[in-house]
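Encoded as structure tokens, the structure appears first; notes follow it.
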Ligand SMILES: C[S@@+](CC[C@H](N)C(=O)[O-])C[C@H]1O[C@@H](n2cnc3c(N)ncnc32)[C@H](O)[C@@H]1O
């Protein structure tokens, strides 16, 4: 756990890819998330920021965008992603999502899937994302749902003290939060996003069902339940548009998108380094723009 102003759930060196996804019986969750993303993503776009991209599990879904910037706090997760996806059409940025190293308005799209549950300061992270998005940009946010069916039932029969119907977040494991859909909606609005769609996803996250029912059938049933809009699934996808007083579309050349993560000020480039007004330097190493720690 890193000790910065906000606590960070640090995946550096973690085996998330092999411990959680590959061969771990989560094909259904993976497929259903991809299916919803395809439904929500705009038909085309210039530059998309994937926040908390991890090892790039779902990055290939963003092919409608000309360029994708994968951002993650974990350098090693980005190394996995780069090994698999290469450099064509992709830029890799190691940075803290609370301190995005970009100029205002340089993205016309952003996604954050399975990530916001690690943030204790939701308003701060959402306003930072809004800042780097152009007006009218699309932001797809997935969040873990506090008000899921299991939590509602457990609370009803007295097996769970916390109330799934209240707007406060639940930290069920250190730096793992479940959020109420209305809380997320309120915070998106405060950060100047207008919610356009909200889809409950992944209704059948039960080992027995996943082992006995073919994955295609589960995905089909999930798609049907998504249409009901019942916000009792463990995962909620939202599609939002950047509104309000942000920057107009500033979709500049790829090397021009960066700004100082500490102040938002100008950076200049010298070889493999970016340098701010006070001489602090950040390095590009192994093909990854490393804005986590200055060199
Ligand atoms: C559960 S993984 C999800 C990865 C990917 N989005 C996916 O769905 O497979 C959460 C990711 O969020 C990243 N993360 C957590 N806190 C972060 C922060 N403050 N800034 C940037 N990334 C962060 C972690 O490094 C990790 O890769």
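Since every read-out is calculated from the coordinates, none of them should be taken as a lab result. None of these values were measured; they are calculated from a predicted model. Cβ placement follows ideal geometry from the backbone for every residue including glycine, while neighbour counts extend to all protein chains displayed.
Tell me the angle of helix 181-190 to the major Cα principal axis of the chain, expressed in degrees between 0 and 90 and rounded to the nearest ten. So the helix axis and the longest Cα principal axis differ by about 30 degrees. Sorted from longest to shortest, the spans of the Cα atoms of region 2-254 along the three principal axes equal 55, 38, 37 Å.
Distance between the modelled labels on residue 186 and residue 283, one decimal in nanometres: 4.5 nm (7 Å Cα→Cβ projection). With a cut-off of 19 Å on the backbone N, the residues of region 6-42 near the modelled label site 7 Å out from residue 209 along Cα-Cβ are 24-37. Once the mean of 1/r is taken over each pair of separate Cα atoms and inverted, region 7-76 shows a Kirkwood hydrodynamic radius of 13.5 Å.
FRET efficiency for the pair residue 5 and residue 295, taken as 1/(1 + (r/R0)^6) with r the Cβ-Cβ distance and R0 = 22 Å, rounds to 0.55. Placing pseudo-labels 7 Å out from each Cα toward the beta carbon at residue 22 and residue 43 gives an inter-label distance of 3.7 nm. Panel order for 224, 195, 112, by other beta carbons found within 10 Å of each beta carbon, from fewest to most: 224, 195, 112. Using only alpha-carbon positions in region 1-121, the gyration tensor eigenvalues give semi-axes of 21, 19, 14 Å once each is multiplied by 5 and square-rooted (largest first).
Look at the alpha carbon pairs under 8 Å that are at least 6 residues apart: their mean separation over the length of region 213-295 gives a relative contact order of 12 percent. Any idea what diffusion coefficient region 178-295 gets from Stokes-Einstein, in µm²/s, Kirkwood Rh on alpha carbon pairs, 4 °C, 1.567 mPa s? Calculated translational D: 70 µm²/s. Distance between the pseudo-spin-label points of residue 64 and residue 263 (7 Å out from Cα toward the beta carbon): 3.9 nm. Averaging the sequence gap over all C-alpha pairs within less than 8 Å and six or more residues apart, then dividing by the number of residues, gives region 2-254 a relative contact order of 21 percent.
Panel order for 14, 169, by other beta carbons found within 10 Å of each beta carbon, from fewest to most: 14, 169.
Between 0 and 90 degrees, the angle of helix 75-85 with respect to the longest Cα principal axis of the chain falls at about 90 degrees. For region 71-169, what log10 I(q)/I(0) values come out of the Debye formula at q = 0.12, 0.18, 0.22 1/Å, with one point per alpha carbon and no solvent? Calculated log10 I(q)/I(0) at the listed q: -0.55, -0.94, -1.18. Bridges between two residues of the chain, per DSSP, are antiparallel at a rate of about 55%.
Taking 0.36 nm per residue of separation and subtracting the Cα-Cα distance, full extension of the segment from residue 197 to residue 127 would add 23.2 nm.
Mean projection of the Cα convex hull over all viewing directions, computed for region 148-205: 5.0 nm². Computed from the Cα positions only, the extents of region 119-221 along the three principal axes stand at 46, 36, 23 Å, in decreasing order. Take 183-192, 209-218, 68-77 and order them by the average number of nearby Cβ atoms within 10 Å per residue, most first; the result is 68-77, 183-192, 209-218.
Compared with the dominant Cα axis of the chain, that is its longest principal axis, helix 27-40 is turned about 60°. Neighbour counts of C-beta atoms inside 10 Å place 130, 57 in the sequence 57, 130, starting with the fewest. What the Cβ-Cβ distance of residue 84 and residue 157 gives, at R0 = 51 Å and to the nearest 0.05, is a FRET efficiency of 0.70.
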